[in-house]
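First comes the structure, then the notes that go with it.
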Amino acid sequence: MKVKKGDVIQIKLNNKWGGCLAVVDEVRPWGVQCYVKVPLQGLAYYRVQNEEFDVIGPAIHVEE
């Protein structure tokens with residue numbers, strides 16, 4: 001499945017953020033920039049290589 005902006009991904013366990021679900025903000029040739037919403041604090045952005053995540057599917061609610 002090809003990843004696109006607004007998709008939910010799960011970061012693979014061999015990564016320090018392993019198991020986390022994140023929303024894709026930008027797609028790049030090497031991977032994605034994604035974010036996790038931290039309650040009462042905002043968005044935490046992270047970059048993940050292509051081989052370090054699996055695509056779950058499109059997000060229903062996306063941070064604007």
Would you mind telling me which numbered condition in (1) without any contact (Cβ under 8 Å) to a residue 24 or more places away in the chain; (2) loosely packed, with under 10 Cβ neighbours inside 10 Å ASN14 fails? (1)
Suppose we filter segment 1-44 for residues that are under 9 Å from the mean Cα position of the chain (by Cα) and farther than 20 Å from PRO58 by Cβ; how many remain? 0
Does VAL3 satisfy the criteria of being touching a residue at least 24 places away in the same chain (Cβ under 8 Å), out of contact with any helix residue (DSSP H, G or I) (no Cβ under 7 Å at 6 or more places or on another chain) and part of a loop (DSSP other than H, G, I, E, B)? yes
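Residue-wise test of (1) touching a Lys or Arg at 6+ places or on another chain (Cβ under 9 Å); (2) on the phi > 0 side of the Ramachandran plot; (3) at pLDDT 95 or above.
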site	(1), (2), (3)
ILE9	no, no, yes
LYS16	no, no, no
ASP25	yes, no, yes
TRP30	yes, no, yes
TYR35	no, no, yes
TYR45	no, no, yes
ILE60	no, no, no
Pull up segment 17-64, narrow it to residues that are assigned to a loop (DSSP other than H, G, I, E, B) and of a type in the set (D, E, K, R), then point me to the one that is surrounded by the most Cβ atoms within 10 Å (Cβ to Cβ). GLU63
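The values are calculated or read from the model by the stated rules, or taken from the named source; none is laboratory data. Note that the structure is predicted; figures quoted are calculated from it, not measured. Please note: Cβ atoms are built from the backbone with ideal geometry, for glycine as well, and neighbour counts cover all protein chains shown.
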